[in-house]
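Bear in mind these aren't lab numbers, they're just calculated from the coordinates by the rules spelled out. None of these values were measured; they are calculated from a predicted model. Backbone-built Cβ (ideal geometry, glycine too); neighbour counts: all protein chains shown.
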Amino acid sequence: MTYMTIIKKIYSSLVFVGMLAGAVSCKKELDKNLQNPNGVPSKDIKGKDVFPSALNNTAAMILGQAVYSTGTATAAFASEWMGYTARTTSYSASGAQLQIELFTLNSTYSNGLWEGQYHNIFDYNFVIANSDATSVLSGAAKVMRALVFEDLVDIYGNIPYKQAVDPSGNIRPAYDTDSTIYRSLITDLDSAIISLKASQSGADDAADVLFKGDKTKWVQFANTIKMRILIRQSVNGDQTYIKQQFTAIQTEGSGFLSQEAGVNPGYTDAVNQQSPLWNNYGFEVGGKNGKANHVFYIANKTMTDYLAARADPRLGRLYAESPSGVYDGNFLGDGVSARPVATLSTFGPGVLQSAAMDAVLMSASQSYLLQAEAAYKGYITGDYISLFRKGVEESFRYLGVPGGATAADAYIDGSADDRINIAASANPVKTIIYQKWIALCEMDGLEAWAEWRRTGFPDRTKPSLNPSVATNVIPERLLYPQTEFDNNTANVAMQKQTSADKYKAIFWSK
């Protein structure tokens, strides 16, 4: 990929941000771009001009939307595999959807997802290299770059890292091993924290459409990502190293995320200005007509049945009542005549809150449930039962369950199910992950997929009902994209990947 191609991508992002109400002004650059998109001097672009769109695009990718590229591949496959969504019974499976149901996603499928994530990394590289030394943006961009690299490792295993971080932009970067990258990301986040603590409030704060220049919240977010990276390795990783890193986090002292990490550059109910989740799965401007994905994707019966069987109050917030007055869905791969469309639920009001809603990178619930596991395993101080309870309460709060924390406490205390009441559980990690599975529903399928691979929870035995499925097991990873075989041939060939490698575990997996 040429440098000018990437500059064009940056300008397309600037156009997006410029259209958002209340977004950071990029008028000077936008005017030049519109007049002569191939001749804009790159020196006129600053980190503050790129950072809002980079944040939006990271969130959009986590929430299952295609960005940067013309490819249609998105992270939505993980939501289907994890029992959150499924194809509506009014459509038959074909193309990529059929591959999702048969667990046969090929290298072509990965093209758009891989391209989008690496473009996103380049944007953060650009922000780091083109922001003032005292600006919060440099450290914040390092945090975000680490988050995107973490997702890439979790999806593919070994990936280009060192040469992809290099701002000189090696177009044929070598691959690094997944476990080595994970350790490097901890170092990168430590560097980000140093930058953030040294930063000063200034004009660039307006470009921070996540924490609005609050460097303490950025440090807490960095610590939470570090915690997630370390917890991911806790099953089979170097325990001495993990404990040392957790000690360093606690010594640093800023703590962890206690609110949603929600991006919002000024989303509103207007064309090209809606929040990513709403724009992808919600309604056209005005809220009357559902978008294509609102019609195609409906509730997965795995989750609706699970919640209904346990009288979980989140059912009516995660999913909308069907036209026939019930909460129901379709299993992954089920036939077109399995259930009448009138009985099927779509995305609920706790998920699709409004066209102006924040685009959530990480929820407070996820942070507290990570802390609960870390405390249970002795990595941090604190009562794991209380942290678990807080994680469930935050899930109820975010989804808008009536009664909030009180309803969450009643739900926990009134159950003897070891997937709900951690105090009664012989396997607290199982309890934590089941509740995280619910908390991540329709918000972060990639994270739920990673946690399933790490722990084996929730139970996803024979997840597809498609009669053509040959191996009814969810893959451990995606295959490298065809674009890598076309453009980075020598380096990707060194990975010696075969189609069977989709069942090769990532280094941290159980």
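Put in line by how crowded their Cβ is, counting other Cβ atoms within 10 Å and starting with the fewest, Arg389, Arg172 read Arg172, Arg389.
Counting beta carbons within 10 Å around each of Asp409, Asp123, Asp44 and listing the fewest first gives the order Asp44, Asp409, Asp123. For the peptides 218-224, 480-486, the ranking by packing is 218-224, 480-486, with the highest mean count of neighbouring Cβ atoms within 10 Å listed first. Each of Ser201, Gly157, Tyr319 was scored by the projection of its Cα onto the charge dipole of the chain, and the greatest displacement toward the positive side belongs to Gly157; charges sit on the C-beta of Lys, Arg, Asp and Glu. The residues neighbouring Leu189, those whose beta-carbon lies less than 15 Å from its own, together hold a net charge of +4 under the Lys/Arg +1, Asp/Glu -1 convention.
Which one of Ser425, Asn466, Thr104 is farthest out on the positive end of the charge dipole of the chain, using unit charges on Cβ (Lys, Arg +1; Asp, Glu -1) and the Cα centre as origin? It is Thr104.
Stokes-Einstein, applied to the Kirkwood radius of the chain over Cα pairs at a viscosity of 1.306 mPa s and 10 °C, places its translational diffusion at 68 µm² s⁻¹. The dipole here belongs to the chain: it is taken about the Cα centre, uses +1 on the Cβ of Lys and Arg and -1 on the Cβ of Asp and Glu, and is about 420 debye. Between the listed residues Asn170, Ala292, Tyr84, the Cα displaced farthest toward the positive end of the dipole of the chain, a dipole computed from Cβ unit charges relative to the Cα centre, is found at Asn170.
The string of couplings for the stretch 201-210 from the Karplus curve (6.51, -1.76, 1.60, θ = phi - 60°) is 5, x, 5, 5, 4, 5, 7, 7, 8, 10 Hz, one whole number per residue in order, with x for Gly and Pro. Any number yet on Rg/Rh for the stretch 232-327, C-alpha, Kirkwood? Dividing the radius of gyration by the Kirkwood radius yields 1.15.
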